[in-house]
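The values are calculated or read from the model by the stated rules, or taken from the named source; none is laboratory data. Treat the numbers as computed from the prediction; the structure is a model and nothing was measured. When we count neighbours, we look across all protein chains shown, and the Cβ atoms used for this are built from the backbone with ideal geometry, even at glycine.
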Amino acid sequence: MKDLRVRPSLTAVLWLCLAVALITELINPLTSQSHSETTKITVWFKPGYPVNRFVPSNAFGAALDGHEKGEVDRMLSSFWKSNPYLDQHFTGERNSKLPQWVLIDLGTEKSINVIQLNWAQPFARVYDVEYGHFSGVDDISQSLPDVWQTFPLGKVVAGNGGKTTLRLSRGSVTTRFVRVLMKESSRTSMRRSADVRDHLGYAIREISLGTLNLEGNFHDEIHHATDHGDQTSIYVSSTDPWHREIDKDNLIEQPGLDRVFHSGLTNGLPSLIPVPVLYDTPENAAAEIRYLKARGYPVERVELGEEPDGQFVASEDYAALYIQFAKAIRAVDSKLKLGGPSFQDIEPGEKIGLTPTGKPDWLKRFLAHLKECGHLNEYTFFSFEWYPFDDVCQPTAPQLAQATQLLKDSLAGMQDAGLRAIPWIITEYGYSAFGGVAEMDIEGALLNADTVATFLTLGGEQTFLYGYEPNDIIQEVDCSSGNNMHFLLGDDGNISYRMPTYYGARLLTHEWTQPGKDMHELYLATVDESESQAKRLVAAFPVLRPDRLWALMLLNKDSSNARTVEVRFHNEANGSESEFEGPIELYQYSRKEYELSVNKEGSYPIRNEPPAHWTQPGSTGLVMQLPAYSMTIIRGKGPLPSP
């Protein structure tokens with residue numbers, strides 16, 4: 001284990017996470033159905049040309065993981081304010097180029113002809129009131145409306161602030177979504193302040209939206225309430241990161257930076273440290289780095305960002321903030337490598353009409369803005385999170401079958417968007433971002449193993465597995481419960497069970513790879529299955545370790561069928577084929593060692609043994625049985641691909 005990733009969330013909570021997993025196990029072939037045909041696995045190597053080279057202490061890291069109420073609560077003492085660091089005072093760009101906005105989702109289509117804006121200060125002098133819709137699927141949980149039109153009377157070029165009632169049209173417009181797009185600020189403040197940030201951006205106390213009849217009676221379509229859950233949904237482009245000491249949430253527990261570095265989790269090696277961008281300031285980011293340097297803690301990379309794509313943040317806004325944070329951090333330490341943005345996911349999306357969706361377009365515009373501003377060189381690594389399956393109610397077998405290709409397609413989409421040849425890092429990963437039983441079962445361990453090995457095969461550099469700290473089972477959906485975790489917490493506050501993820505992580509870092517700082521070579525392997533067998537359900541990942549032993553990891557993602565496999569090495573330089581030589585060690589992990597109770601409200605292990613391990617004296621003509629839903633590691637001598 002090398003790197004430690006401390007990730008602040010919106011509340012700056014630090015949670016705990018360790019890196020990576022990959023598991024294997026061999027069971028009695030009679031315990032599951034088996035194909036009568038033999039699957040041939042070929043390890044392809046060209047002397048001196050692996051598909052990737054990696055150091056386990058760098059590739060597998062430990063990680064620590066670390067909203068806004070306002071415009072429609074009927075309280076004029078509260079308000080929303082945009083991020084002042086997106087004003088031209090800090091960005092050097094015209095405010096109209098980075099407009100800020102407030103979006104109202106009425107839930108269903110309503111008749112609208114008037115809006116009431118109770119401005120705080122600073123207020124917008126130039127703004128448009130627009131109505132919008134989706135050009136494709138109407139799903140605001142995934143994206144915002146992408147087609148907007150200004151109301152006939154919705155353009156304001158000389159706003160005066162205060163309580164403003166604006167007639168939007170002579171008739172009524174039927175719409176669900178309304179947006180206030182702010183382009184120029186008054187640069188005024190509610191109180192005399194020497195802090196320029198108080199004068200920048202836009203602030204709104206309250207919004208009402210609806211119709212004004214001929215008698216002058218206003219019908220408000222917005223639900224105003226002090227409780228956030230009872231309010232009409234409001235989305236904003238940014239939020240002022242200003243906060244007070246009394247805003248601290250005393251119910252949050254988090255390890256401090258000193259605790260983390262003194263815990264031994266980092267093994268004294270350089271860590272990947274994040275700084276929040278959307279909800280903090282460049283000054284605070286610099287202070288964090290300054291503190292770490294003063295304490296002598298080794299830091300190599302700094303991740304800038306906290307899932308901006310999942311919070312509907314414009315890529316241009318994030319780029320403008322990224323530039324400022326990079327400048328502040330480099331003033332403290334110019335040698336640090338900066339990157340991000342910690343994408344919530346990297347799903348390819350699609351193009352609906354003329355509007356592209358998905359993360360590739362977001363990345364493309366982000367990189368374009370950095371380049372336009374002359375700061376593309378400040379972006380030195382690409383980071384994202386990988387929780388591929390949101391629906392934990394669906395069967396796991398089809399999900400596991402598509403997992404490998406989903407990661408390949410997603411990364412290919414990011415490359416098509418202009419991702420340069422810089423390091424790729426998965427800074428969080430697991431089966432799902434929602435609690436599901438698969439995370440506590442063999443399926444979760446298989447997904448973790450496949451994610452790491454596939455990512456390294458594609459050229460990835462580092463992975464950070466979420467869920468290192470002992471944890472509880474959570475139920476977020478009616479159909480299932482679970483959690484991404486290594487250890488299940490008991491009622492007494494101690495670890496009650498080691499989970500499949502734990503055993504997988506240990507197999508990955510101690511058996512598939514050789515612990516330490518020495519270089520490993522990863523090669524390709526093909527799985528030759530007949531047409532009668534399911535495709536892509538067996539995966540193979542060969543590693544040549546520093547001790548000159550081959551370690552082949554085999555994953556059988558078939559939920560009901562075992563596989564019989566034979567392994568060959570093919571030297572692409574001279575065309576020769578060979579096998580493992582002499583005695584081999586084997587590790588295998590399947591349902592023979594682990595079984596989970598069936599209880600959607602809180603499953604627990606009813607059989608929980610470590611992976612099976614044995615040594616086989618001779619390897620000539622080796623034929624292996626891979627149980628259904630299993631992971632296997634074969635380690636021994638083989639041909640050495642010396643150039």
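From the list SER135, SER96, SER141, exactly one residue is within 20 Å of GLY229 (Cα to Cα) and not acidic (Asp, Glu). Which is it? Break it down into steps so the answer makes sense when it comes.
Working: SER135 fails: within 20 Å of GLY229 (Cα to Cα); SER96 fails: within 20 Å of GLY229 (Cα to Cα).
Selected residue: SER141, the only one of SER135, SER96, SER141 that is within 20 Å of GLY229 (Cα to Cα) and not acidic (Asp, Glu).
In the range 457-470, which residues are in a loop (DSSP other than H, G, I, E, B) and closer than 13 Å to ALA539 by Cα?
Hits for the range 457-470: nothing passes.
Note down all Cβ pairs under 8 Å where the first residue falls in the range 344-368 and is closer than 18 Å to SER135 by Cβ and outside any helix (DSSP H, G or I), the second is modelled with pLDDT under 90 and among the hydrophobic types (A, V, I, L, M, F, W, C), and they're at least six residues apart or on different chains.
Sorted first by the residue in the range 344-368, then by its partner, the pairs are ILE352/VAL137.
If we scan the range 593-604, do we find a residue that is assigned to a strand (DSSP E or B), among the acidic types (Asp, Glu), under 16 Å from THR501 (Cα atoms) and within 34 Å of the chain's Cα centre (by Cα)? Before the answer, list the steps.
To start, the set of residues in the range 593-604 that are assigned to a strand (DSSP E or B) comprises 594-596.
Of the ones still in play, those that are also among the acidic types (Asp, Glu) are 595.
Then keep just the ones that are under 16 Å from THR501 (Cα atoms); that gives 595.
The next check asks that each one be within 34 Å of the chain's Cα centre (by Cα); those that pass are 595.
Yes, the range 593-604 contains at least one residue that is assigned to a strand (DSSP E or B), among the acidic types (Asp, Glu), under 16 Å from THR501 (Cα atoms) and within 34 Å of the chain's Cα centre (by Cα).
Any residue in the range 199-210 that's among the acidic types (Asp, Glu): show its pairings with residues that are in a strand (DSSP E or B) and surrounded by 22 or more Cβ atoms within 10 Å (Cβ to Cβ) at Cβ separation under 9 Å, as long as the two are six or more apart or on different chains.
GLU206/LEU117
Filter the strands (runs of 3 or more DSSP E) completely within the range 21-132 down to those with at least 1 residues that are at pLDDT 95 or above and either among the charged types (D, E, K, R) or out of contact with any helix residue (DSSP H, G or I) (no Cβ under 6 Å at 6 or more places or on another chain) (or both).
Numbers: elements: 33-45, 52-54, 60-65, 100-112, 114-119.
Ranges flagged: 100-112, 114-119.
Looking only at residues in the range 436-456 that are of a type outside the set (A, V, I, L, M, F, W, C) and either buried (at least 21 other Cβ atoms within 10 Å of the Cβ) or touching a Pro at 6+ places or on another chain (Cβ under 7 Å) (or both), which one is farthest from ALA540 (Cα to Cα)?
GLY436
When you go through (1) surrounded by fewer than 24 Cβ atoms within 10 Å (Cβ to Cβ); (2) of a type outside the set (S, T, N, Q); (3) assigned to a helix (DSSP H, G or I) one by one for LEU508, which number turns out not to apply?
(1)
Check every one of the strands (runs of 3 or more DSSP E) wholly within the range 173-258 and list those with 1 or more residues that are under 34 Å from the mean Cα position of the chain (by Cα) and at pLDDT below 95.
Hits in the range 173-258: 233-236.
Name the single residue, out of those in the range 216-269 being surrounded by 11 or more Cβ atoms within 10 Å (Cβ to Cβ) and among the acidic types (Asp, Glu), that is nearest to PRO122 (Cα to Cα).
Going through the qualifying residues, I end up with ASP240.
Checking ARG330 against (1) on the phi < 0 side of the Ramachandran plot; (2) within 22 Å of the chain's Cα centre (by Cα), which test does it fail?
Result: ARG330 fails condition (2) only.
Could you say which residue among ARG506, ARG548 is out of contact with any Ser or Thr (no Cβ under 8 Å at 6 or more places or on another chain) and on the phi > 0 side of the Ramachandran plot?
ARG548
Taking the condition touching a Lys or Arg at 6+ places or on another chain (Cβ under 7 Å) and surrounded by 24 or more Cβ atoms within 10 Å (Cβ to Cβ), does ILE425 pass? Steps first, please.
On the way: touching a Lys or Arg at 6+ places or on another chain (Cβ under 7 Å): no; surrounded by 24 or more Cβ atoms within 10 Å (Cβ to Cβ): yes.
Against the criterion (touching a Lys or Arg at 6+ places or on another chain (Cβ under 7 Å) and surrounded by 24 or more Cβ atoms within 10 Å (Cβ to Cβ)), ILE425 does not qualify.
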